[in-house]
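Have a look at the structure below, then the notes.
The values are calculated or read from the model by the stated rules, or taken from the named source; none is laboratory data. None of these values were measured; they are calculated from a predicted model. So basically every Cβ, Gly included, is an ideal-geometry build from the backbone, and we count neighbours across all protein chains shown. Ligands, DNA and RNA are excluded from the accessible area calculation, which covers all protein heavy atoms including side chains. Shrake-Rupley method; radii C 1.70, N 1.55, O 1.52, S 1.80 Å.
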Amino acid sequence: YRDDGLKVVGVSVRERDWSGVAPFVERMGDDMTYSVAYDGEQGVMANDWLLAADRTGIPSAFIVHDQLVAWIGHPMEMGEPLKQIIAGTYDHAGAREKAIRDRRLRAQHEVTIRSIHDKISVGEFEAAIVQLDELIAVDGEVFVEFAETKLNLLTHQVGDLDRTYAYVR
């Protein structure tokens, strides 16, 4: 969408100076087709964007349109919203309402989310998988990242390839 005025900027929120970002940019060479920045000492992106948007994971993407944040999510999920924003068909009000609903739903399940992380940290992988299944069943779209967590547990911690393959199917 470059011809439509799209500008992409990648911001490293973990690096506090350019020396931590430069090797990555150099390694990417001509494959780096967007601008890259680092968050700096103040952590503006981490604090005023990620935390303010209740985003705890990276990568996270923000689509800014007409000086407003129009969409927030994982970069792999931004194709359709970006297409609609460029075309002028994006439902800003509907997207805002959905984001509010999703955030409320996540808040309602915060205890379960913490419990899952606690179980994983102490090696209680099967118990975590049970809770992951329950959480994903509530709303697979809102809790989509937990499907990846379950897949990683099955593959790397539990090592049960039959269950992994069945889950992927």
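Just a few scattered comments:
- Any chance V168 is among the β-branched types (V, I, T), open to solvent by 90 Å² or more (accessible area, probe 1.4 Å) and farther than 30 Å from V8 by Cα: yes
- Screening R103, R55 for residues that are open to solvent by 50 Å² or more (accessible area, probe 1.4 Å), assigned to a loop (DSSP other than H, G, I, E, B) and of a type in the set (K, R) leaves exactly one candidate, R55.
- Condition check for R96: part of a helix (DSSP H, G or I), over 20 Å from D139 (Cα atoms) and open to solvent by 70 Å² or more (accessible area, probe 1.4 Å): no
- Answer from P81, P75, P59, P23 - the residue that is in contact with a helix residue (DSSP H, G or I) (Cβ under 6 Å, 6 or more places away or on another chain) and either in contact (Cβ under 8 Å) with a residue 60 or more places away in the chain or not aliphatic (A, V, I, L, M) (or both): P59
The rows are residues; the columns are (1) closer than 28 Å to Y1 by Cα; (2) in contact (Cβ under 8 Å) with a residue 40 or more places away in the chain; (3) touching a Pro at 6+ places or on another chain (Cβ under 9 Å); (4) not aromatic (F, W, Y).
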| site | (1), (2), (3), (4) |
| --- | --- |
| I86 | yes, yes, no, yes |
| A93 | yes, no, no, yes |
| K98 | yes, no, no, yes |
| H109 | no, no, no, yes |
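- If only residues of region 124-140 that are over 17 Å from R163 (Cβ atoms) and touching a residue at least 24 places away in the same chain (Cβ under 8 Å) are counted, the one that is surrounded by the most Cβ atoms within 10 Å (Cβ to Cβ) is L135.
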